[in-house]
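Inspection log for the structure reproduced underneath, given as structure tokens.
The values are calculated or read from the model by the stated rules, or taken from the named source; none is laboratory data. No experiment lies behind these values; they were computed from the predicted model shown. For neighbour counting, all protein chains shown are included, and Cβ atoms are generated from backbone atoms with ideal geometry for every residue, glycine included. Calculation scope for accessible area: heavy atoms of the full protein, side chains included, ligands and nucleic acids excluded. Shrake-Rupley method; radii C 1.70, N 1.55, O 1.52, S 1.80 Å.
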Amino acid sequence: MQHGKYRFIVGFLALPLGLYALFVVWPFIQSIYYSFTDWTGLSPEFKMVGFDNYSRILDDEIFWKSLQHSLLFALLLPVVTISLALFFAFMINVGGRKRRNGPVVSGVRGSSFYKIVYFFPQVLSIAIVALLFAFAYNPDSGAINSILRGVGLDGVQPLWLGDPDLALWAVMAVLVWSTVGFFVVLFSAGMASIPAEMYEAALLDGAGRATTFFRITLPLLWDTVQSGWVYMGILALGAESFAVVQIMTTGPGGPDYSTTVMVLYVYQKAFRDGQAAYATTIGVALLVVTLAFAAVVMRLGRRERLEY
Amino acid sequence: MGSTSAENHGTEGVGRRDLIKRSAALGLISVPTMSFLSACASSGGGDNGDKAKAGKKTAKNPLGVNDTAGMEFVLFDGGFGKEYAEDAVKIYEKNFSKAKVKFSATQKIQSTLQPRFNQGTPPDLIDNSGAEQMDMGVLVGKNQLTDLTPLLDAPSYDAPDKKVRDTLRPGIVEMGQFDGEKVWILYYAYTVYGVWYSQKALDSLDEQYPETWDQMLAVCEKAKKKGMAGWTYAGKYPYYLPFSLYPMIGKVGGREVLDAIDNLEPNAWKHPAVKACFDAYYELYKKGYILKGTPGLDHIQSQTAWAQGKALFIPNGSWVENESANVIPKDFDLAVSAPTGLDSSDKMPFGTIWASGGEPFIVPAKAKNAEGGMEQLRIMLSEASSKNFTGKVKSLTAYNGGTDGIALTPGLKSGVAALDKAGENVVNPRIQDWYVQLQKEKIGVSGLGEMMAGRLTPAEAVKRIQGYADEAAKDDSIKHYKHQ
């Protein structure tokens, strides 16, 4: 009954594929199409201009700056966030000392409390987080400089978001703070599915925390780490970085363009300067960067699947 | 009419094009950055023939408004609130009792209205203001606006023998023009820019407002000894600095220096007056007269610090009185002054001030009831409505006068006095509305902001800003303007 099979499959797939094409693929095609026009976004009239927008990108200093910042976001943020999250998750789930009458594998004391604390920022909208930190970074009356003053560091009063050398790092720190909890929970779930016998065996062989982590936890968690990595990179390139930069370093993206990222630049070109076509061109560039990022991570991270 | 017709903008059916638009909008959810532009894809129906028929022109209805046609008015809900407009809408409803008025106020002008411009179904009157202001140059360039000349030539609401044009403050009509005679924008508010301070704080120092820069430095030194900074400004938005810096440049070097800057003429910024004023401001930084941490403050934070008496002077516009009303102490005695000059060799007298229109109102070209939109503006430009605005939001309007008989707040009173003192010497640098990105980001943040934070010397700042201006002059993706 071979030929009936295909009709059966097609029948089931037609609707979802159609919806996917309409809602996902079509907007992509449209965006790419608009990048070849001179559409302003403020009037329905436009004409084709070929590769003009693309050649303009080449000489656009701000574009290159924003690309540089976006790449830094995509490379650095996942490393920092995921390392931190792995460390926290390990300590919460596996890293505790053996306690009398307790289970063999357990987290540090108070781990269930830490889990909630880490996850807490996740329930706040990124807009709120960004606003809160914008206040905290206020050099005059903000929490951070007040603490510095409080501990006697009167001489150290950085301008934070007002300093082009610090602004980008200040923004990144907020993103790490607000996303790390999600990965702690994700990795905790992954670790929960690793059989306890493996840890028991390792402990009997006298393995310490570090060895346990690198020989057992990380290899068995690799798939989760890899998806987390891609997910974080896309967050850092897209929506989240837009929100924090737009809200915290208001204006053009920090002093002297020090925090401009690609998504912000897309938004500004489309909705401030009335250059929607050029904005879609930058959007296409962002798409390329995002796809390249995902491809590289998947490629480098490929290793044999472990079965357990 | 078939329901799949692209011309069908009603709510009765989902047309093919609507479906595509909606699909694009949904795509937004899955891929935020790429597809959000397509959500406002230009799939509109082009010219629509459903404009309201003109009514009969009478003495009471000089614009010929169709008294049964609906009118839609979208207001920017910002520092001035929306009450003043609601009051004016009530008058419109009274005059045209058969017409249905749809009034709404939003802070998101662009995200609400950009798609409607693309579809060719914009409202009849818009206050295109705020952070999400739509680019006027593009709107004009793409023929999206109605010429407001009929409104300006119509009799004013109060006196039938006077044209609306003749009741406006100087400069308002010119500001609404781009190139040529047509008037695209009507600025409703009238803003006085300058140096804002507390008269009480100044009195406590035993000082007058300084007229020369040496006096300015002396006042700041005195304030510093009392533990008060001389100046603060919106460090994250350093494009507030020009509110006092540009008129100072005009005062020192003459109007033509500012005109050259607006016209993006080569080497306009290399005029000695520019460098002299930059040097003067830089001196404030070097001598430590700027409130500590200022480069990291936004406009609200800097205004609050200033209202708390941490700094004496702040460059700002007349909206500050309303915007900071809740932090300015009762006995603050708010005052504004024209910027301090350099010395007696300045080309223009002390008192030279920057004042210009604010709150730009536009009537879209594709509005269904353009006459209604203009009539609504004519009502707002009446003496009564203007007084209502001034009384409610502590700001002047484009209507010349209209301050008699209402209790003026200290800041407003001082603003009126400053305008009186300035007389003819009102400057109006247009770079702010002609080249938004150049003015805000490049000159403001990357030039002046960096200089005032001490990261650029005045000479470097001049060079950098000249570079930006040259770039903008060469960039053919932006429309260029010249003083007529």
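Using a ≥ b ≥ c from the Cα gyration tensor of the stretch A:1-60 (square roots of the eigenvalues), is it rounded, prolate or oblate, where a/c under 1.5 gives rounded and otherwise the larger of a/b and b/c decides, a/b for prolate? Since a/c reaches 1.5 and a/b is larger than b/c, the shape of the stretch A:1-60 is classed as prolate. Surface composition of chain B: carbon plus sulfur atoms hold 51% of the accessible area, using a 1.4 angstrom probe and ignoring ligands, DNA and RNA.
Taking the centroid of alpha carbons for each part, the stretch B:94-138 and the stretch B:183-212 are 32 Å apart. Against the empirical curve 2.2 N^0.38 Å, the C-alpha radius of gyration of the stretch B:39-186 lands at a ratio of 1.09.
The relative contact order of the stretch A:150-308 comes to 26 percent, based on Cα pairs under 8 Å that sit 6 or more residues apart. Heavy-atom accessible area, probed at 1.4 angstrom with all protein chains present, ranks B:Phe96, A:Phe119 as A:Phe119, B:Phe96, highest first.
Across every direction, the projection of the convex hull enclosing the Cα atoms of the stretch B:59-122 has a mean area of 5.1 nm².
Chain A against chain B buries an accessible area of about 4700 Å², both chains summed, 1.4 Å probe radius. If the Kirkwood radius is taken over C-alpha pairs of the stretch B:216-326, then at 4 °C and 1.567 mPa s the Stokes-Einstein diffusion coefficient equals 87 µm²/s. Peptides A:127-140, A:51-64 ranked from most to least packed give A:127-140, A:51-64, packing being the mean of other C-beta atoms within 10 angstrom over each peptide's residues.
Is the shape of the protein assembly as shown best called rounded, prolate or oblate, per the rule: a/c under 1.5 gives rounded, else a/b larger than b/c gives prolate, else oblate, with a ≥ b ≥ c the square roots of the Cα gyration tensor eigenvalues? In terms of gyration-tensor shape, oblate. Cα centroids of the stretch B:268-307 and the stretch B:429-484: 16 Å apart.
For chain B, the longest principal axis of the alpha carbon atoms and the long axis of helix B:370-380 meet at an angle near 40°.
Axis angle, to the nearest 10 degrees, between helix B:383-393 and the longest C-alpha principal axis of chain B: 60 degrees.
Taking only DSSP H segments of four or more residues, each worth -39500 (n - 2.57), what value at 222 nm results for the protein assembly as shown once the sum is divided by all its residues, to the nearest 500 deg cm²/dmol?
Values: 33 runs with 385 residues, N = 792.
The helix-only estimate for the protein assembly as shown comes to -15000 deg cm²/dmol at 222 nm.
Using every pair of separate Cα atoms, the Kirkwood estimate puts the hydrodynamic radius of the stretch B:222-269 at 12.8 angstrom.
Counting only protein heavy atoms and a probe of 1.4 Å, the accessible surface of the stretch A:45-85 is 69% carbon and sulfur. Counted as membrane-span-like here are DSSP H helices of chain A whose alpha-carbon atoms extend 18 Å or more along the helix's own axis and whose Kyte-Doolittle mean is 1.0 or above; these are A:61-93, A:167-192, A:218-237, A:276-300. Look at the stretch B:440-446: the mean tally of other chain Cβ atoms within 10 Å of its residues' Cβ atoms is 5. Look at the stretch A:269-279: the mean tally of other chain Cβ atoms within 10 Å of its residues' Cβ atoms is 6.
Between A:Leu300 and B:Asp161, the simple label model (points 7 Å from Cα in the Cβ direction) yields a spacing of 8.3 nm. Note: relative contact order over the stretch B:250-380, using C-alpha pairs below 8 Å and six or more positions apart, is 29 percent.
In the complete set of protein chains, residue-level accessible area for B:His299 is approximately 40 Å², probe 1.4 angstrom. Give the residue from B:Val363, B:Ala311, B:Tyr209 lying farthest towards the positive end of the charge dipole for chain B; charges sit on Cβ (+1 for Lys and Arg, -1 for Asp and Glu) and the dipole is referred to the Cα centre. It is B:Val363, whose Cα lies furthest towards the positive end. Per-residue mean of foreign Cβ neighbours for A:282-289 is 2 (Cβ atoms of other chains, 10 Å radius). Reported to the nearest whole Å, the Cα centre-to-centre distance from the stretch A:210-237 to the stretch A:75-154 is 18. Which is farthest toward the positive dipole end of chain A among A:Leu42, A:Trp64, A:Val296, measuring Cα position about the Cα centre, with Cβ charges +1 (Lys, Arg) and -1 (Asp, Glu)? Farthest towards the positive pole: A:Val296. The alpha-carbon atoms of chain A, seen along their principal axes, cover 82, 76, 29 angstrom, with the largest extent given first.
Annotation: peptides A:238-244, B:349-355, ranked by per-residue average of other Cβ atoms within 10 Å with the highest first, follow the order B:349-355, A:238-244. The Cα-based radius of gyration and maximum Cα-Cα distance (Dmax) for the stretch B:143-208 are 18.7, 56 Å. By definition, a body whose alpha carbon gyration tensor gives a ≥ b ≥ c is oblate when a/c is 1.5 or more and a/b is not larger than b/c, and the stretch B:412-484 fits this oblate description.
Considering Cα pairs under 8 angstrom that are at least six residues apart, work out the relative contact order of chain A and quote it in whole percent. Relative CO of chain A lands at 27 percent.
Accessible area per residue for chain A, computed on protein heavy atoms with a 1.4 Å probe, is 50 Å².
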